Amino acid sequence: MDAIAGTMDHTPEFGPGEHLLVWALRRMVKGKDYGPLVGQEFADTCGEDGREVLATLHTFLLALIHTCRRELSIGHPGCPSLTADERQVLQLVAAAQNGKEAQFDAQLRWLATDDDRPALAMTARALAFALGHNHLTLTPPASQLPTTCEREALSA
């Protein structure tokens, strides 16, 4: 994971799963180096499952974009802090992965409307399973106030 080792340096409680998910999410949303670099990182991290895990993340991201109540604030690649929305996404996937149904439902309610929750829930659970199957267990991030990167992303 050399390509993502420098991201989010001040969050040592984050493991490889959190780093990979946020790093890829930012690159996919911001359109930077999406393709070979992200694909290679998933292949390096998940081995022969890399393409499938990346496809599952892509499907989750499409569902998130189409079901979200509002436009998400996603940080720029390389920003060391999480945005509140990135934290929400991590909490959603971590709750699915760790069987925290009440937290999972609360995150779904925050992110998507009633009609759209089943699609987002299905893709979030699929992503949680794919990451867990590849030994990438997520820990829900601690709540924080908005960061400088988040304020910069909102004004960009």
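One table, with the values for the structure above:
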{"read-out": "Stokes-Einstein diffusion coefficient of the range 16-134, Kirkwood radius over Cα pairs, 37 °C, 0.692 mPa s, in µm²/s", "value": "230 µm²/s"}
{"read-out": "Centroid-to-centroid separation of the range 11-73 and the range 85-102 [C-alpha atoms, Å]", "value": "15 Å"}
{"read-out": "Theoretical gain in end-to-end length, residue 139 to residue 106 [0.36 nm per residue, Cα-Cα removed]", "value": "10.2 nm"}
{"read-out": "Exposure rank, largest accessible area first [26, 117; 1.4 Å]", "value": "117, 26"}
{"read-out": "Under 19 Å from the residue 129 label point (7 Å along Cα→beta-carbon), backbone N, the range 61-102", "value": "61-64, 92-102"}
{"read-out": "Contact order normalised by residue count of the range 12-103, Cα under 8 Å, 6+ apart, percent", "value": "24 percent"}
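The values are calculated or read from the model by the stated rules, or taken from the named source; none is laboratory data. The structure displayed is predicted, hence computed values, not measured ones. All Cβ positions, glycine included, derive from the backbone under ideal geometry; neighbour counts span all protein chains shown. We work out accessible area using only protein heavy atoms, side chains counted, and drop any ligands, DNA or RNA first. Shrake-Rupley method; radii C 1.70, N 1.55, O 1.52, S 1.80 Å.
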